[in-house]
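J.: Here it is, the structure in full.
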Amino acid sequence: MSVIEVMPSATSRPDAPSEAFLDLVPRDFARDHLVLSRGGMNGTERLLASRRTPLIVIHNIGVRLGADTNIEFGDDEAIAVAIDKAYEGRRAPQPVGVAGNDAVVGGADIDRLLAQADRDLLTTEGKGPVVRLVDALLFEALSRRASDIHVQPLEDRVLVRYRVDGVLQTSRELPARLAGPVVSRIKVMGRMDIAEKRVPQDGRATVTIGAGEHGRAIDLRISTLPTSFGERAVIRLLDTSGEEHLLSFESLGMPKATLDLYLDRASRSSGIILLTGPTGSGKTTTLYTTLRRLASRGDRGDVNVMTIEDPIEYELSSPEIAISQAQVNAKKGVTFASGLRHILRQDPDVIMVGEIRDAETARIAIQASLTGHLVLSTLHTNDAASAVARLVDLGAEAYLVSASLSAVLAQRLVRTLHTSCEGRGCDGCFGTGYLGRVGLFELFVVDEQVREQIGSGSTASVIRASARERGMRSLQAEGERLVEERRTTRTEVERVVWGLE
(Lines give C-alpha, C1' and ligand atoms only; values in the text may rest on other atoms or scores of the structure.)
Protein backbone atom coordinates (compact mmCIF):
# COMPACT_ATOMS: atom_id res chain seq x y z
CA MET A 1 0.00 0.00 0.00
CA SER A 2 1.34 3.45 -0.86
CA VAL A 3 2.35 5.85 1.88
CA ILE A 4 0.84 9.33 1.43
CA GLU A 5 2.84 12.22 2.85
CA VAL A 6 1.63 15.82 2.60
CA MET A 7 4.33 18.42 1.95
CA PRO A 8 4.09 22.24 2.15
CA SER A 9 2.35 24.06 -0.69
CA ALA A 10 4.34 24.27 -3.91
CA THR A 11 5.31 27.75 -5.09
CA SER A 12 7.63 26.84 -7.95
CA ARG A 13 6.81 25.34 -11.32
CA PRO A 14 6.49 21.55 -11.35
CA ASP A 15 9.53 19.48 -12.16
CA ALA A 16 9.40 17.15 -15.17
CA PRO A 17 6.76 14.42 -14.64
CA SER A 18 8.05 10.87 -14.48
CA GLU A 19 7.62 8.69 -17.56
CA ALA A 20 5.90 6.05 -15.40
CA PHE A 21 3.21 8.55 -14.41
CA LEU A 22 2.61 9.71 -17.99
CA ASP A 23 2.56 6.13 -19.26
CA LEU A 24 0.27 4.65 -16.62
CA VAL A 25 -2.07 7.48 -15.56
CA PRO A 26 -4.50 8.61 -18.30
CA ARG A 27 -4.59 12.33 -19.12
CA ASP A 28 -8.34 12.55 -18.46
CA PHE A 29 -7.86 11.07 -14.99
CA ALA A 30 -5.07 13.55 -14.18
CA ARG A 31 -7.14 16.46 -15.56
CA ASP A 32 -10.36 15.49 -13.75
CA HIS A 33 -8.58 15.21 -10.40
CA LEU A 34 -5.93 17.91 -10.95
CA VAL A 35 -2.92 15.82 -10.08
CA LEU A 36 0.45 15.60 -11.85
CA SER A 37 3.81 14.03 -11.17
CA ARG A 38 6.81 16.15 -10.24
CA GLY A 39 9.13 13.24 -10.80
CA GLY A 40 10.15 10.11 -8.91
CA MET A 41 13.00 9.70 -6.47
CA ASN A 42 14.13 6.65 -4.43
CA GLY A 43 10.89 4.79 -4.95
CA THR A 44 8.71 7.78 -4.04
CA GLU A 45 6.52 9.63 -6.55
CA ARG A 46 6.23 13.37 -5.89
CA LEU A 47 2.78 14.61 -6.84
CA LEU A 48 1.44 18.13 -7.36
CA ALA A 49 -2.27 18.24 -6.55
CA SER A 50 -5.17 20.53 -5.84
CA ARG A 51 -6.40 20.88 -2.28
CA ARG A 52 -9.70 19.50 -3.63
CA THR A 53 -8.04 16.30 -4.91
CA PRO A 54 -9.40 13.36 -2.84
CA LEU A 55 -6.79 11.34 -0.96
CA ILE A 56 -8.29 8.17 -2.47
CA VAL A 57 -7.10 9.42 -5.88
CA ILE A 58 -3.56 9.84 -4.53
CA HIS A 59 -3.74 6.37 -2.97
CA ASN A 60 -4.86 4.78 -6.23
CA ILE A 61 -2.10 6.49 -8.19
CA GLY A 62 0.41 5.13 -5.69
CA VAL A 63 -1.02 1.64 -6.14
CA ARG A 64 -0.92 2.04 -9.92
CA LEU A 65 2.72 3.15 -9.89
CA GLY A 66 3.76 0.78 -7.12
CA ALA A 67 5.38 3.63 -5.20
CA ASP A 68 4.97 5.74 -2.08
CA THR A 69 3.62 9.23 -2.72
CA ASN A 70 4.39 12.74 -1.48
CA ILE A 71 1.82 15.48 -2.17
CA GLU A 72 2.49 19.15 -2.69
CA PHE A 73 -0.47 21.47 -3.19
CA GLY A 74 -0.62 24.06 -5.94
CA ASP A 75 -2.93 26.42 -7.81
CA ASP A 76 -5.74 24.62 -9.67
CA GLU A 77 -5.35 26.58 -12.92
CA ALA A 78 -1.57 26.22 -12.94
CA ILE A 79 -1.88 22.45 -12.42
CA ALA A 80 -4.39 22.14 -15.28
CA VAL A 81 -2.07 24.06 -17.63
CA ALA A 82 0.89 21.91 -16.56
CA ILE A 83 -1.09 18.71 -17.20
CA ASP A 84 -2.03 19.84 -20.72
CA LYS A 85 1.60 20.69 -21.47
CA ALA A 86 2.95 17.42 -20.04
CA TYR A 87 0.62 15.27 -22.13
CA GLU A 88 0.84 17.44 -25.27
CA GLY A 89 1.77 15.33 -28.27
CA ARG A 90 1.77 12.08 -26.29
CA ARG A 91 -0.26 9.16 -27.54
CA ALA A 92 -2.61 7.62 -25.04
CA PRO A 93 -1.15 4.42 -23.55
CA GLN A 94 -2.21 1.43 -25.60
CA PRO A 95 -3.92 -1.45 -23.83
CA VAL A 96 -1.74 -4.46 -23.20
CA GLY A 97 -1.70 -6.78 -26.19
CA VAL A 98 -2.09 -4.11 -28.92
CA ALA A 99 0.69 -4.32 -31.49
CA GLY A 100 2.24 -1.47 -33.45
CA ASN A 101 0.58 0.63 -36.13
CA ASP A 102 1.10 -2.00 -38.80
CA ALA A 103 -0.68 -4.75 -36.84
CA VAL A 104 -4.13 -5.89 -37.86
CA VAL A 105 -6.56 -6.11 -34.93
CA GLY A 106 -9.59 -8.31 -35.53
CA GLY A 107 -13.13 -7.64 -34.34
CA ALA A 108 -12.84 -10.09 -31.44
CA ASP A 109 -9.63 -8.38 -30.29
CA ILE A 110 -11.30 -4.96 -30.43
CA ASP A 111 -14.22 -6.23 -28.31
CA ARG A 112 -11.78 -7.75 -25.82
CA LEU A 113 -9.72 -4.56 -25.54
CA LEU A 114 -12.80 -2.38 -25.13
CA ALA A 115 -14.05 -4.69 -22.41
CA GLN A 116 -10.64 -4.52 -20.73
CA ALA A 117 -10.73 -0.72 -20.76
CA ASP A 118 -14.25 -0.77 -19.32
CA ARG A 119 -13.09 -2.96 -16.42
CA ASP A 120 -10.12 -0.73 -15.58
CA LEU A 121 -11.22 1.39 -12.62
CA LEU A 122 -8.38 3.87 -13.18
CA THR A 123 -9.56 4.75 -16.68
CA THR A 124 -12.15 7.53 -17.00
CA GLU A 125 -11.94 8.05 -20.76
CA GLY A 126 -15.25 7.43 -22.50
CA LYS A 127 -17.13 6.56 -19.31
CA GLY A 128 -20.44 8.18 -18.37
CA PRO A 129 -21.24 9.81 -15.00
CA VAL A 130 -22.96 6.74 -13.52
CA VAL A 131 -20.13 4.45 -14.59
CA ARG A 132 -17.60 6.80 -13.00
CA LEU A 133 -19.72 6.94 -9.84
CA VAL A 134 -19.79 3.15 -9.49
CA ASP A 135 -16.04 3.02 -10.18
CA ALA A 136 -15.50 5.62 -7.46
CA LEU A 137 -17.55 3.57 -4.98
CA LEU A 138 -15.46 0.50 -5.77
CA PHE A 139 -12.26 2.54 -5.35
CA GLU A 140 -13.39 3.90 -2.00
CA ALA A 141 -14.43 0.46 -0.75
CA LEU A 142 -11.08 -1.04 -1.71
CA SER A 143 -9.17 1.79 -0.05
CA ARG A 144 -11.08 1.12 3.17
CA ARG A 145 -10.34 -2.62 2.92
CA ALA A 146 -14.09 -3.33 2.71
CA SER A 147 -15.33 -6.86 2.05
CA ASP A 148 -18.78 -5.83 0.80
CA ILE A 149 -20.58 -2.84 -0.72
CA HIS A 150 -24.30 -2.39 0.05
CA VAL A 151 -26.41 -0.16 -2.22
CA GLN A 152 -29.74 0.18 -0.40
CA PRO A 153 -32.57 2.30 -1.83
CA LEU A 154 -34.91 4.03 0.64
CA GLU A 155 -37.91 6.25 0.05
CA ASP A 156 -35.97 9.51 -0.16
CA ARG A 157 -32.34 8.47 -0.68
CA VAL A 158 -29.91 5.67 -1.46
CA LEU A 159 -27.59 4.44 1.30
CA VAL A 160 -24.11 3.26 0.32
CA ARG A 161 -22.57 1.19 3.09
CA TYR A 162 -19.30 -0.73 3.34
CA ARG A 163 -18.60 -3.73 5.55
CA VAL A 164 -15.17 -3.06 7.03
CA ASP A 165 -13.66 -5.54 9.48
CA GLY A 166 -17.06 -7.20 9.77
CA VAL A 167 -19.00 -4.02 10.64
CA LEU A 168 -21.29 -2.07 8.29
CA GLN A 169 -20.37 1.60 7.94
CA THR A 170 -22.49 4.15 6.09
CA SER A 171 -20.23 5.86 3.58
CA ARG A 172 -22.54 8.25 1.76
CA GLU A 173 -26.12 8.99 0.79
CA LEU A 174 -27.10 9.43 -2.86
CA PRO A 175 -30.25 11.02 -4.32
CA ALA A 176 -33.12 8.55 -4.69
CA ARG A 177 -33.19 9.12 -8.46
CA LEU A 178 -29.78 7.45 -8.77
CA ALA A 179 -30.95 4.11 -7.37
CA GLY A 180 -32.07 2.68 -10.72
CA PRO A 181 -29.06 3.84 -12.80
CA VAL A 182 -26.50 2.72 -10.20
CA VAL A 183 -28.03 -0.75 -9.76
CA SER A 184 -28.42 -1.11 -13.53
CA ARG A 185 -24.71 -0.35 -14.01
CA ILE A 186 -23.83 -2.93 -11.37
CA LYS A 187 -26.04 -5.49 -13.11
CA VAL A 188 -24.39 -4.74 -16.46
CA MET A 189 -21.00 -5.42 -14.88
CA GLY A 190 -22.28 -8.78 -13.61
CA ARG A 191 -23.87 -9.70 -16.97
CA MET A 192 -27.30 -9.79 -15.38
CA ASP A 193 -30.69 -9.02 -16.93
CA ILE A 194 -31.24 -5.28 -16.40
CA ALA A 195 -34.81 -5.50 -17.73
CA GLU A 196 -35.83 -7.99 -15.02
CA LYS A 197 -36.37 -6.12 -11.76
CA ARG A 198 -38.89 -8.38 -10.04
CA VAL A 199 -36.74 -11.37 -9.14
CA PRO A 200 -33.41 -11.72 -7.31
CA GLN A 201 -30.33 -12.19 -9.49
CA ASP A 202 -26.71 -13.20 -8.99
CA GLY A 203 -23.74 -12.26 -11.13
CA ARG A 204 -19.96 -12.13 -11.22
CA ALA A 205 -17.46 -9.69 -12.66
CA THR A 206 -13.77 -8.88 -12.59
CA VAL A 207 -12.42 -5.35 -12.51
CA THR A 208 -8.83 -4.15 -12.51
CA ILE A 209 -6.92 -1.20 -11.17
CA GLY A 210 -4.66 -0.45 -14.11
CA ALA A 211 -3.60 -2.87 -16.83
CA GLY A 212 -0.66 -5.08 -17.59
CA GLU A 213 1.78 -6.51 -15.06
CA HIS A 214 1.04 -3.69 -12.61
CA GLY A 215 -2.70 -4.30 -12.71
CA ARG A 216 -4.59 -5.44 -9.64
CA ALA A 217 -7.51 -7.81 -10.28
CA ILE A 218 -10.62 -7.73 -8.08
CA ASP A 219 -13.36 -10.35 -8.35
CA LEU A 220 -16.90 -9.14 -7.70
CA ARG A 221 -19.77 -11.36 -6.52
CA ILE A 222 -22.98 -9.45 -7.12
CA SER A 223 -26.45 -10.06 -5.69
CA THR A 224 -29.60 -8.00 -6.34
CA LEU A 225 -32.93 -8.21 -4.52
CA PRO A 226 -36.22 -6.38 -5.23
CA THR A 227 -37.47 -4.30 -2.29
CA SER A 228 -40.37 -1.90 -1.75
CA PHE A 229 -38.21 1.07 -2.81
CA GLY A 230 -36.43 -0.61 -5.70
CA GLU A 231 -33.65 -3.11 -6.22
CA ARG A 232 -30.84 -3.25 -3.70
CA ALA A 233 -27.42 -4.61 -4.61
CA VAL A 234 -24.62 -6.15 -2.57
CA ILE A 235 -21.14 -6.60 -4.02
CA ARG A 236 -18.62 -8.95 -2.39
CA LEU A 237 -15.04 -7.86 -3.11
CA LEU A 238 -12.38 -10.55 -3.51
CA ASP A 239 -8.83 -9.40 -4.17
CA THR A 240 -7.21 -12.11 -6.31
CA SER A 241 -4.03 -10.22 -7.16
CA GLY A 242 -1.98 -11.67 -4.32
CA GLU A 243 -2.05 -14.31 -1.62
CA GLU A 244 -3.10 -12.15 1.31
CA HIS A 245 -5.95 -14.59 1.90
CA LEU A 246 -3.48 -17.47 2.37
CA LEU A 247 -1.89 -16.42 5.60
CA SER A 248 0.18 -18.36 8.06
CA PHE A 249 -1.62 -19.71 11.11
CA GLU A 250 0.49 -17.47 13.30
CA SER A 251 -0.60 -14.35 11.40
CA LEU A 252 -4.21 -15.45 11.78
CA GLY A 253 -3.65 -15.15 15.52
CA MET A 254 -3.82 -18.83 16.43
CA PRO A 255 -1.90 -19.46 19.68
CA LYS A 256 0.95 -21.96 19.43
CA ALA A 257 -0.63 -24.51 21.79
CA THR A 258 -3.85 -24.50 19.77
CA LEU A 259 -1.92 -24.57 16.49
CA ASP A 260 0.13 -27.60 17.50
CA LEU A 261 -2.98 -29.60 18.43
CA TYR A 262 -4.81 -28.51 15.28
CA LEU A 263 -1.94 -29.40 12.94
CA ASP A 264 -1.55 -32.76 14.68
CA ARG A 265 -5.14 -33.62 13.77
CA ALA A 266 -4.90 -32.05 10.30
CA SER A 267 -1.79 -34.13 9.54
CA ARG A 268 -3.55 -37.44 10.09
CA SER A 269 -4.61 -39.55 7.13
CA SER A 270 -8.29 -39.86 8.10
CA GLY A 271 -11.03 -38.34 10.19
CA ILE A 272 -13.25 -35.27 9.95
CA ILE A 273 -12.12 -31.79 10.95
CA LEU A 274 -14.88 -29.20 11.15
CA LEU A 275 -14.67 -25.43 11.31
CA THR A 276 -17.64 -23.66 12.87
CA GLY A 277 -18.76 -20.07 13.15
CA PRO A 278 -21.09 -17.55 11.53
CA THR A 279 -20.68 -16.16 8.03
CA GLY A 280 -17.65 -13.90 7.82
CA SER A 281 -15.78 -15.45 10.74
CA GLY A 282 -12.78 -16.50 8.62
CA LYS A 283 -13.54 -20.21 8.23
CA THR A 284 -12.66 -20.27 4.53
CA THR A 285 -9.33 -18.52 5.12
CA THR A 286 -8.37 -21.09 7.76
CA LEU A 287 -9.47 -23.95 5.51
CA TYR A 288 -7.49 -22.63 2.54
CA THR A 289 -4.41 -22.10 4.69
CA THR A 290 -4.74 -25.68 5.94
CA LEU A 291 -5.16 -27.11 2.43
CA ARG A 292 -2.13 -25.26 1.10
CA ARG A 293 -0.06 -26.58 3.97
CA LEU A 294 -1.25 -30.15 3.42
CA ALA A 295 -0.73 -29.99 -0.34
CA SER A 296 2.83 -28.70 0.03
CA ARG A 297 4.03 -31.45 2.38
CA GLY A 298 7.32 -32.77 1.02
CA ASP A 299 8.64 -32.08 -2.46
CA ARG A 300 7.06 -35.03 -4.24
CA GLY A 301 3.51 -33.75 -4.60
CA ASP A 302 2.33 -37.02 -3.08
CA VAL A 303 -0.94 -35.68 -1.62
CA ASN A 304 -4.07 -35.55 -3.78
CA VAL A 305 -6.16 -32.62 -2.47
CA MET A 306 -9.64 -32.00 -3.90
CA THR A 307 -12.46 -29.64 -2.97
CA ILE A 308 -16.15 -29.09 -3.70
CA GLU A 309 -17.15 -25.48 -2.96
CA ASP A 310 -19.99 -22.99 -3.34
CA PRO A 311 -18.52 -20.73 -4.55
CA ILE A 312 -14.80 -21.18 -5.20
CA GLU A 313 -13.48 -18.13 -3.35
CA TYR A 314 -9.87 -18.27 -4.58
CA GLU A 315 -7.81 -20.41 -6.89
CA LEU A 316 -5.50 -22.43 -4.66
CA SER A 317 -3.32 -24.14 -7.24
CA SER A 318 0.09 -22.74 -8.13
CA PRO A 319 3.13 -24.04 -10.04
CA GLU A 320 4.37 -25.60 -6.80
CA ILE A 321 1.07 -26.84 -5.38
CA ALA A 322 -1.57 -28.93 -7.18
CA ILE A 323 -5.11 -28.69 -5.77
CA SER A 324 -8.25 -29.55 -7.75
CA GLN A 325 -11.28 -27.37 -6.96
CA ALA A 326 -14.83 -28.13 -8.11
CA GLN A 327 -17.79 -25.75 -8.11
CA VAL A 328 -21.30 -26.57 -6.92
CA ASN A 329 -23.81 -26.13 -9.76
CA ALA A 330 -27.34 -26.95 -8.64
CA LYS A 331 -28.77 -26.38 -12.14
CA LYS A 332 -26.50 -29.14 -13.48
CA GLY A 333 -27.15 -31.44 -10.54
CA VAL A 334 -23.77 -30.84 -8.89
CA THR A 335 -24.44 -30.49 -5.15
CA PHE A 336 -22.13 -30.95 -2.19
CA ALA A 337 -23.37 -34.52 -1.83
CA SER A 338 -23.12 -35.51 -5.51
CA GLY A 339 -19.82 -33.68 -5.94
CA LEU A 340 -18.37 -35.43 -2.90
CA ARG A 341 -19.54 -38.78 -4.23
CA HIS A 342 -17.71 -38.19 -7.52
CA ILE A 343 -14.59 -36.89 -5.76
CA LEU A 344 -14.32 -40.21 -3.93
CA ARG A 345 -13.84 -41.88 -7.32
CA GLN A 346 -10.82 -39.63 -7.99
CA ASP A 347 -8.55 -41.36 -5.44
CA PRO A 348 -8.23 -38.34 -3.08
CA ASP A 349 -6.15 -38.13 0.08
CA VAL A 350 -7.61 -34.90 1.42
CA ILE A 351 -11.14 -33.66 0.68
CA MET A 352 -12.59 -30.25 1.49
CA VAL A 353 -16.38 -29.86 1.42
CA GLY A 354 -17.46 -26.23 1.53
CA GLU A 355 -20.27 -26.89 3.99
CA ILE A 356 -22.15 -29.81 5.51
CA ARG A 357 -25.74 -28.64 5.28
CA ASP A 358 -27.82 -31.80 4.83
CA ALA A 359 -28.03 -35.43 5.94
CA GLU A 360 -26.73 -36.88 2.67
CA THR A 361 -23.56 -34.75 2.67
CA ALA A 362 -22.96 -35.56 6.35
CA ARG A 363 -23.35 -39.28 5.72
CA ILE A 364 -20.99 -39.35 2.72
CA ALA A 365 -18.40 -37.23 4.55
CA ILE A 366 -18.47 -39.60 7.52
CA GLN A 367 -18.13 -42.65 5.29
CA ALA A 368 -15.23 -41.01 3.44
CA SER A 369 -13.40 -40.32 6.70
CA LEU A 370 -13.92 -43.90 7.86
CA THR A 371 -12.45 -45.29 4.63
CA GLY A 372 -9.07 -43.56 4.89
CA HIS A 373 -9.66 -39.95 3.80
CA LEU A 374 -9.05 -36.73 5.67
CA VAL A 375 -12.20 -34.60 5.31
CA LEU A 376 -12.38 -30.88 6.14
CA SER A 377 -15.61 -28.93 6.13
CA THR A 378 -17.61 -26.16 7.83
CA LEU A 379 -20.73 -26.17 9.98
CA HIS A 380 -22.83 -23.35 11.39
CA THR A 381 -22.83 -23.67 15.19
CA ASN A 382 -22.17 -21.23 18.02
CA ASP A 383 -19.26 -23.14 19.52
CA ALA A 384 -17.11 -26.19 18.87
CA ALA A 385 -18.85 -28.72 21.12
CA SER A 386 -22.26 -27.99 19.55
CA ALA A 387 -21.02 -29.49 16.27
CA VAL A 388 -21.67 -32.98 17.66
CA ALA A 389 -25.35 -32.24 18.30
CA ARG A 390 -25.64 -30.55 14.91
CA LEU A 391 -24.37 -33.63 13.05
CA VAL A 392 -26.79 -35.84 14.98
CA ASP A 393 -29.64 -33.41 14.19
CA LEU A 394 -28.75 -33.73 10.50
CA GLY A 395 -29.39 -37.47 10.75
CA ALA A 396 -25.91 -38.87 11.36
CA GLU A 397 -25.84 -41.79 13.81
CA ALA A 398 -24.08 -40.95 17.07
CA TYR A 399 -21.77 -43.98 16.88
CA LEU A 400 -20.58 -42.91 13.40
CA VAL A 401 -19.98 -39.34 14.57
CA SER A 402 -18.03 -40.75 17.51
CA ALA A 403 -15.87 -42.90 15.23
CA SER A 404 -15.17 -40.29 12.54
CA LEU A 405 -14.96 -36.87 14.17
CA SER A 406 -11.35 -35.83 14.87
CA ALA A 407 -11.52 -32.15 15.90
CA VAL A 408 -13.74 -29.08 15.71
CA LEU A 409 -12.33 -25.56 15.49
CA ALA A 410 -14.72 -22.71 16.34
CA GLN A 411 -13.54 -19.26 15.37
CA ARG A 412 -14.45 -15.60 15.31
CA LEU A 413 -12.76 -12.43 14.07
CA VAL A 414 -12.43 -9.45 16.41
CA ARG A 415 -11.28 -5.99 15.41
CA THR A 416 -7.90 -4.91 16.74
CA LEU A 417 -7.14 -1.48 18.14
CA HIS A 418 -5.47 0.97 15.78
CA THR A 419 -2.05 1.38 17.36
CA SER A 420 -1.30 4.76 15.76
CA CYS A 421 -4.18 6.50 17.53
CA GLU A 422 -4.34 4.05 20.46
CA GLY A 423 -7.99 3.33 19.71
CA ARG A 424 -9.14 6.95 19.97
CA GLY A 425 -10.12 7.18 16.29
CA CYS A 426 -8.36 9.00 13.46
CA ASP A 427 -8.41 9.41 9.69
CA GLY A 428 -6.30 6.28 9.30
CA CYS A 429 -9.02 4.10 10.87
CA PHE A 430 -11.89 6.31 9.64
CA GLY A 431 -12.71 7.32 13.19
CA THR A 432 -13.49 3.82 14.45
CA GLY A 433 -10.44 3.26 16.63
CA TYR A 434 -9.96 -0.18 15.05
CA LEU A 435 -7.84 -1.35 12.15
CA GLY A 436 -7.66 -4.97 11.02
CA ARG A 437 -8.90 -8.15 12.68
CA VAL A 438 -7.44 -11.15 14.46
CA GLY A 439 -8.90 -14.59 15.09
CA LEU A 440 -10.32 -16.13 18.26
CA PHE A 441 -10.04 -19.93 18.23
CA GLU A 442 -11.68 -22.65 20.33
CA LEU A 443 -10.30 -26.11 19.52
CA PHE A 444 -12.36 -29.14 20.56
CA VAL A 445 -10.26 -32.31 20.22
CA VAL A 446 -12.17 -35.59 20.14
CA ASP A 447 -10.35 -38.04 22.41
CA GLU A 448 -11.47 -41.40 23.79
CA GLN A 449 -13.46 -39.85 26.63
CA VAL A 450 -15.33 -37.60 24.22
CA ARG A 451 -16.02 -40.55 21.91
CA GLU A 452 -17.63 -42.41 24.80
CA GLN A 453 -19.74 -39.37 25.66
CA ILE A 454 -20.88 -38.95 22.04
CA GLY A 455 -21.71 -42.64 21.73
CA SER A 456 -23.73 -42.59 24.95
CA GLY A 457 -25.78 -39.60 23.79
CA SER A 458 -24.40 -36.97 26.18
CA THR A 459 -25.66 -33.43 25.64
CA ALA A 460 -23.54 -30.65 24.19
CA SER A 461 -23.31 -28.92 27.58
CA VAL A 462 -21.91 -32.07 29.21
CA ILE A 463 -19.39 -32.60 26.41
CA ARG A 464 -18.41 -28.91 26.53
CA ALA A 465 -17.88 -28.91 30.30
CA SER A 466 -15.80 -32.09 30.09
CA ALA A 467 -13.60 -30.63 27.35
CA ARG A 468 -12.98 -27.44 29.32
CA GLU A 469 -12.01 -29.45 32.39
CA ARG A 470 -9.31 -31.06 30.25
CA GLY A 471 -7.91 -27.77 28.97
CA MET A 472 -10.06 -26.53 26.07
CA ARG A 473 -9.99 -22.71 26.04
CA SER A 474 -13.28 -21.03 25.15
CA LEU A 475 -13.77 -18.19 22.68
CA GLN A 476 -14.54 -15.91 25.61
CA ALA A 477 -11.29 -16.86 27.38
CA GLU A 478 -9.29 -16.17 24.21
CA GLY A 479 -11.03 -12.81 23.88
CA GLU A 480 -10.15 -11.90 27.45
CA ARG A 481 -6.52 -12.74 26.69
CA LEU A 482 -6.50 -10.25 23.81
CA VAL A 483 -8.14 -7.62 26.03
CA GLU A 484 -5.41 -8.09 28.65
CA GLU A 485 -2.79 -7.72 25.90
CA ARG A 486 -4.54 -4.47 24.87
CA ARG A 487 -5.01 -5.70 21.32
CA THR A 488 -8.80 -5.25 21.41
CA THR A 489 -11.58 -4.17 23.77
CA ARG A 490 -14.01 -6.08 25.97
CA THR A 491 -16.89 -4.43 24.11
CA GLU A 492 -15.59 -5.81 20.81
CA VAL A 493 -15.15 -9.31 22.25
CA GLU A 494 -18.70 -9.31 23.65
CA ARG A 495 -20.08 -8.05 20.33
CA VAL A 496 -18.41 -10.85 18.37
CA VAL A 497 -18.73 -13.75 20.82
CA TRP A 498 -22.15 -13.02 22.30
CA GLY A 499 -23.65 -10.68 19.72
CA LEU A 500 -23.91 -7.82 22.21
CA GLU A 501 -23.86 -4.23 20.96
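J.: Quick check: at a probe of 1.4 Å, how many percent of the accessible area of the range 254-360 sits on carbon and sulfur atoms?
T.: The nonpolar share, carbon plus sulfur, comes to 48 percent.
J.: 5 Å is the cut-off here: which amide hydrogens, built 1.01 Å from N in the peptide plane, fall below it relative to Tyr434, excluding neighbours closer than 5 in sequence?
T.: For Tyr434, the qualifying residues are His418.
J.: While we're here: Name the residues whose placed amide hydrogens come within less than 5 Å of the amide hydrogen of Arg172, ignoring near sequence neighbours (fewer than 5 apart) on the same chain.
T.: Val160
J.: Could you give me the ³J(HN,Hα) list for the range 413-423, computed from phi with Karplus coefficients 6.51, -1.76, 1.60 and θ = phi - 60°, whole Hz, x at Gly and Pro?
T.: Per-residue couplings from phi come out as 10, 10, 6, 9, 5, 6, 5, 5, 10, 6, x Hz.
J.: Can you match log10 I(q)/I(0) by the Debye sum over Cα atoms at q = 0.06, 0.07, 0.12, 0.13 Å⁻¹ to one of these, [x] -0.26, -0.36, -1.18, -1.45; [y] -0.35, -0.48, -1.22, -1.34; [z] -0.32, -0.42, -0.98, -1.07, based on a calculation from the structure here?
T.: [y]
J.: Let me ask something additional. Highest mean first, how do 472-478, 58-64 rank when packing is the count of other Cβ atoms within 10 Å averaged over residues?
T.: 58-64, 472-478
J.: One-quarter of the Cα convex hull surface for the range 343-501, in nm²?
T.: 11.4 nm²
J.: Now for a separate question. Total Lys pairs in the chain closer than 26 Å by alpha-carbon, pairs eight or more apart in sequence or interchain only?
T.: 9
J.: While we're here: Find how many whole Å separate the alpha carbon centroid of the range 301-343 from the alpha carbon centroid of the range 403-452.
T.: 27 Å
J.: So who's got an amide H within less than 5 Å of the one on Val446, skipping anything under 5 residues away but keeping other chains? H placed 1.01 Å off N, in plane.
T.: For Val446, whose amide H was placed from the backbone, the distant partners under 5 Å are Ala407, Val408.
J.: Under the rule that a partner needs its Cβ under 4.7 Å from the first Cβ, which Cys of the chain have none?
T.: Lone cysteines by the Cβ rule: Cys429.
J.: Hey, what angle do you get for helix 76-87 against the long axis of the chain, alpha-carbon based, 0 to 90 degrees rounded to 10?
T.: 90 degrees
J.: Arranged from highest to lowest average of other beta-carbon atoms within 10 Å per residue, in what order do the peptides 172-182, 363-373 appear?
T.: Peptide ranking by packing, descending: 363-373, 172-182.
The values are calculated or read from the model by the stated rules, or taken from the named source; none is laboratory data. Computed from a predicted model, the values in this text were never measured in an experiment. Counting neighbours? That spans all protein chains shown, and the Cβs are built from the backbone with ideal geometry, glycine included. The area values use the complete protein model at the heavy-atom level, side chains included, leaving out ligands, DNA and RNA. Shrake-Rupley method; radii C 1.70, N 1.55, O 1.52, S 1.80 Å.
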